[in-house]
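The next block holds one structure in the form of structure tokens; read it before the comments.
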């Protein structure tokens, strides 16, 4: 466990993003995971997003 924490600290020291930028990125990623979970469970109010994504995917 100490090795993992040491590696995390080493990587954190060379990370070019500020704490503010990292927090925003974490928030963005969390939102994407939440949206995926809601989509998988077909939560109400998401049908427009699902339709848009299907249409966008089909255009490739």
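Looking at residue 6, is it at negative phi, modelled with pLDDT of 90 or more, part of a helix (DSSP H, G or I) and surrounded by 10 or more Cβ atoms within 10 Å (Cβ to Cβ)?
Spelling it out, residue 6 is indeed at negative phi, modelled with pLDDT of 90 or more, part of a helix (DSSP H, G or I) and surrounded by 10 or more Cβ atoms within 10 Å (Cβ to Cβ).
Within the range 34-45, which residues are surrounded by fewer than 10 Cβ atoms within 10 Å (Cβ to Cβ) and part of a helix (DSSP H, G or I)? It would help to see each step written out before you state the result.
First, the residues of the range 34-45 that are surrounded by fewer than 10 Cβ atoms within 10 Å (Cβ to Cβ): 40-42, 44-45.
Correct list: 40 only.
Here is a list of conditions, (1) loosely packed, with under 10 Cβ neighbours inside 10 Å; (2) touching a helix residue (DSSP H, G or I) at 6+ places or on another chain (Cβ under 9 Å); (3) modelled with pLDDT of 85 or more, and residue 15 meets all of them except one; can you say which number that is?
Result: residue 15 fails condition (1) only.
The values are calculated or read from the model by the stated rules, or taken from the named source; none is laboratory data. Here the structure is a predicted model, which means the values were calculated and not measured. Cβ sites come from the backbone with ideal geometry, for glycine too, and all protein chains shown count toward neighbours.
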